[in-house]
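Peer 1: The structure is given below, and queries will be raised subsequently.
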Amino acid sequence: MRWTRKLRLRVRSLLRSSQVEEELDEELRYHRDHLVEDYVAAGMPPEDARDAALREMGGIEQRKEECRDARGIAFLDSLRKDSTYALRALRKSPGFSFVAILSLALGIGANTTIFTFVNAVLLRPLPYPGSDRLVVLREQPLRSEGTVNVHPVNFVEWRARARAFEALALVQTPPLNVMGSNGAEQIARIQTTSELFRVFGVAPVLGREFTEEETRPGSHNVVILGHGFWHRWFGGDPGVLGRSLAVSDGSLTIIGVAPAGLRIGVMEPDAYTPLPINPANPAEIGSRSFQCYGRLKPGMSLGAVKAEMTVIASALARQYRLDEGMGVFVSGLHEYLVREGRPALRLLMAVVATVLVIACVNLAGLLMARGIARRGEFALRTSLGASRSRLVRQLVIESLVLSMFGGAAGVALAYVTTRALVVLTAGALTAGTTDPIGLDATCLFFTLAVSSVTALAFGLVPAWQASHVEPQMALRERTGGGTADRRQHRMRSMLVVTEIALAVVLLVSAGLLLRTFSSLVRVNLGFQPAGTVTMGLFLGLRPPEARVALINQILERVEVVPGVEAASTIQFLPLTGMNCGSGFWLEGQTAGDAPAGQPTDCSLVSRGYFAVMRIPVLEGRAFDGRDRIDTSRVLMVNESFARRYFPDGRALGRRIRAHSSKEPLAEIIGVVGDVRHNGLTSEPVPTVFQLHAQRPGYITNLVVRTTGDPSTQAAAIRRAIQEVDRTQAVSGVKTMEQYLGDALSRPRLYATLVTCFAVMAVMLAAVGVYGLLAYVVTQRTHEIGIRLALGAARGRVFLDLFGQGARLVIAGLVVGVLVALGLRGVASTLLFGVTAGDPLTYLMAAAVFSAVACAAVTIPARRASLVEPINALRYE
Amino acid sequence: MSKPTDLVQGTLDLLILRVVALEPMHGWAIAQRIRQMSNEQLRVGQSALYPALHKLEQQGWIEAEWAPSENNRRAKYYTLTSAGRKALKVEAAQWERLSAAISLVVKPV
């Protein structure tokens, strides 16, 4: 109540200032007239009375000023005046203003750009109600960092035992082949237990969720459509409920439509179908190949859930053999989704912040020099009665004005660079987020905050220094030499050393990331990606023999397509982040025993796979047409497997069980070279290869080696497949080189971005060194002139100044290298093939910076040595 | 004549509030009333009066309104607000305590 009135009064004072002034005038005039009347009444002649009244009133203007002060407008008023003055001062030195605003714009623009990504990926919550209560649950081998998918047995136990969850859902994502007007299409499908929508806190926009009954074994041919798919296939028809969706093996009744934008993890499903679980025997639907999402009860903390799940896991480990040595991993869903992007975004944020600090330090230096140049002006103002705080305020407002311009330019820059980066990085920065990336209110607020803090940070110290003038001193000696100057010089030197050090740290980081990238490019994959094209095949729920026959027919048909050299399949392609971990069991172990070795990958391939991928067969033979579903089981292993488990070198001919202890014994018939299956940076894992023709899977990937450009063959290959089976859809047509490109995109991005920022930093630091030295030369022109006139050699003068600059550069290099060494641990997770203390990188960084700095130092030093004594002295 | 600077800091505010509490008044009348009520002891010059009035108005303790005055000219009348009434009570009580305390000290033994 009271403050609203106050605000109104103050706003009135500010906006209707002329009216307020008039009223003030009238009020004081009224008082004066009364005073005059009083004096007249006391017998004074009117003329004298008027004079006496005026005398008593004192300076009317002073009174008015005091009233204005009381109204609290003086501060705002002078703020306005200072801003106008600041604008005028900046207009007067366009060169300085341009450099200042440009470097601020670069610094702030870079920060806003990266912050836009940080905001979208790390800060903005997931778009679901109560999204902070969404968690993802996975299983985690004890004493291991990695996590694995969830076993249905455990899901059923968790759901029965855990009290922390409001809802818990188990899902799997086998694709679905649907029949459209132009052939079969493979769509993204999620199979789920009944509570999925409740976990995400949403409800279908049309129809209903799955009932508990529908997620029990039995034939429940129902489907909920994804929102996008509903629009794409049914034109968003609201009467879609009850209609049927044709799939390769029958049809499904549509019972609902999911809300727009619902993503299960990162996937936006086209269709949802029930995942039937038999509570009496959950394991009949599979093993550790499911994802689990949960919604916590309100008020339940992540720590409490973790504690509860740990207790449950240890109980289950005693109860079930399959849970021996396994724990539970619980993470907030958002945190889990952004886990890959987070370290990089943090690194980039630190990098751009450093660039901004360098820009600010540079500006602080410039402002100090400007402060010295304007000392006369300040001295004059001080002698006219300006207080020191008033001068400081004036200067800080100048830097505020600068940084607001810089901020505005920075936002404009960020608007462009953000869009460019979204396109260029193709998702490498935004893993886990599918929201549009763009400048929003949070980002603009961030920019405003950064700009203001910047202004204070780089404006305050120079302002304080510049305002420290003694009028007579400044008016007397217009060129330096005083103690204030020396102190200022020392300070600027320190700023320049700081800048150099920071720039060197960034150069070192850029160098390390560039070397990481070049190590990654040169990494030996173990196979040849060039010339191969791949596509996903979902074989549907055919019986095993039919799945074998289908793949055989497809491979035979595809291999006669012109331009195709050879074709084969593998369940999970290398470099896609997918694998099937399991153990293996030696001959003599019985069913139910713990596996002989872990971790072991289990790969399901067709004959000819190693030839297609150009993976060398080191010992024995590769799978071929002799190995069929009705012949004795055979296996191949990779070199790591052979060396680790059969160090005697006699892996060939040994008999083991792979994938499950209930599998029949199979003979190792060959050893192949290692492949970096799980990514460029992960060492090859011991791997067992089983044959699709003997143990057919449901999902596989066709891999085709072609003679020409593989991407142009894809259409012909697809036609060939549909000639074999009209209902067979394919998905994800991609060359192996594209997968390699994806794997390299993030390291490439880091290296490129950090290098760009490091170059910016080096340029700014070089400008800083140059600026300081050029200033020193200007200050000492007089002295240098005298020295030259007295016979000093020009070379001597050059060396003198060059040495001064070189000392700063060397000091900066030393500090920078030490800081970089101190920060070794920070980025080590992003490095590969190079250690964070790599001496070569440090040397290169130092060399690069020295070369740039050399130019920055030489120019002013040379100018000093070319001073003409006559000219230098004449100016005095 | 007692100049306002001789007044204890903040006392002028108290005097103004007290006087305005009687009835809405313009600046000149406030100064006159203070003089009369203090038996001509306290003379508040306009150099202190008007800034104080504007400050009290900003604080929301008094409200201003233009109205015709006794000599038919427009004058700015100040009225005590409810917040001002509360402030007056507090300030007056404080003043009582303070003046009592001072007279205890100053009183000849």
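Every number in this text was worked out from the coordinates using simple rules, so none of it is lab data. Note that the structure is a prediction, hence the values are computed from the model and not measured. Don't worry about glycine lacking a Cβ; one is built from the backbone with ideal geometry, like all the others, and counts go over all protein chains shown.
Peer 1: By counting other Cβ atoms within 10 Å of each Cβ, how are A:547, A:644 ranked from fewest to most?
Peer 2: A:644, A:547
Peer 1: With 10 angstrom as the radius, rank A:464, B:61 by how many other C-beta atoms surround their C-beta, starting from the fewest.
Peer 2: In increasing order of surrounding Cβ atoms, one gets A:464, B:61.
Peer 1: Continuing with the same structure: In nm, give the distance between the simple-model label positions of residue A:799 and residue A:424, each being 7 Å from the Cα along the Cα-to-Cβ direction.
Peer 2: 4.6 nm
Peer 1: Just the number, please: percent antiparallel of the DSSP beta bridges in segment A:532-708, rounded to the nearest 5.
Peer 2: Rounded to the nearest five, the antiparallel share is 75 percent.
Peer 1: How far is helix B:46-59 tilted off the main Cα axis of chain B, in degrees rounded to 10, range 0 to 90?
Peer 2: Once rounded, the angle reads 80 degrees.
Peer 1: Under the √(5λ) rule applied to the eigenvalues of the Cα gyration tensor, what semi-axes describe the equivalent ellipsoid of segment B:4-106? Give them in Å, descending.
Peer 2: 25, 16, 11
Peer 1: How high is the FRET efficiency from residue A:80 to residue A:518, r the C-beta distance, R0 51 Å, rounded to 0.05?
Peer 2: After rounding to 0.05, the efficiency reads 0.35.
Peer 1: List the pairs from B:55/B:86; A:64/B:89; A:64/B:86 whose alpha-carbon separation is above 26 Å, in the order I gave them.
Peer 2: Too far apart for the 26 Å limit: A:64/B:89; A:64/B:86.
Peer 1: Also: Among the aspartates and glutamates, which fall within straight-line cross-link reach of residue A:734, defined as a Cα-Cα distance under 19 Å, with same-chain neighbours fewer than 8 residues apart omitted?
Peer 2: Residue A:734 reaches A:185, A:559, A:565, A:709, A:742.
Peer 1: Rounded to the nearest angstrom and ordered from largest down, what semi-axes does the equivalent ellipsoid of segment A:685-805 get from its C-alpha gyration tensor (root of 5λ)?
Peer 2: Each semi-axis is √(5λ); the values are 73, 16, 12 Å.
Peer 1: Hey, another quick one. What number does segment A:532-708 give for Rg over Rh if you use C-alpha atoms and the Kirkwood radius?
Peer 2: Rounded to two decimals, Rg/Rh equals 0.95.
Peer 1: Another question, then. So how compact is segment A:134-224: Cα radius of gyration and Dmax in angstrom?
Peer 2: Spelled out, the Cα radius of gyration and Dmax of segment A:134-224 are 15.9, 52 Å.
Peer 1: Follow-up. So what is the relative contact order of chain A, in percent, for Cα pairs below 8 Å that sit 6 or more residues apart?
Peer 2: This gives 15 percent for chain A.
Peer 1: For residue A:215, what charge total do you get from the other residues with a beta carbon under 11 Å from its beta carbon, if Lys and Arg give +1 and Asp and Glu give -1?
Peer 2: Here the charged neighbours net out to -4.
Peer 1: What residues have an amide H closer than 5 Å to that of residue A:201, excluding those fewer than 5 places away on the same chain, when H is modeled at 1.01 Å from N in the peptide plane?
Peer 2: Amide H neighbours of residue A:201, under 5 Å, 5+ apart: none.
Peer 1: May I ask you to sort A:692, A:659 by Cβ crowding, counting other Cβ atoms within 10 Å and putting the fewest first?
Peer 2: A:659, A:692
Peer 1: Could you sort A:451-457, A:201-207 so that the peptide with the highest average Cβ count within 10 Å comes first and the rest follow in order?
Peer 2: Packing proxy ranking, top to bottom: A:451-457, A:201-207.
Peer 1: Please sort A:670-676, A:648-654 by packing, taking for each peptide the average over its residues of neighbouring beta carbons within 10 angstrom, highest first.
Peer 2: Ranked from most to least packed, the peptides come out as A:670-676, A:648-654.
Peer 1: Can you tell me the length gained on complete extension of the stretch residue A:560 to residue A:88, counting 0.36 nm per residue apart and subtracting the Cα distance?
Peer 2: 162.0 nm
Peer 1: In terms of Cα to Cα distance under 21 Å, which lysines are near enough to residue A:306, apart from those fewer than 8 places away along the same chain?
Peer 2: A:297
Peer 1: Can you list the residues, at least 5 places off or on another chain, whose amide H is less than 5 Å from the amide H of residue A:583, using H built in the peptide plane?
Peer 2: A:659
Peer 1: Please report Rg (one decimal) and Dmax (integer) in Å for the Cα set of chain A.
Peer 2: According to the Cα coordinates of chain A, Rg and Dmax are 37.8, 137 Å.
Peer 1: While we're on this one: Residues of A:26-37, mean number of Cβ from any other protein chain within 10 Å of their own Cβ, rounded to a whole number?
Peer 2: What the average comes to for A:26-37 is 5.
Peer 1: Give me the number: length gained by fully extending residue A:530 to residue A:486, i.e. 0.36 nm times residue separation minus the C-alpha to C-alpha distance, one decimal in nm.
Peer 2: Answer, rounded to one decimal: 9.4 nm.
Peer 1: Now for a different question. What net charge is computed for the residues neighbouring residue A:93, neighbours being all others with C-beta under 12 Å from the C-beta of residue A:93, Lys and Arg scored +1, Asp and Glu -1?
Peer 2: +4
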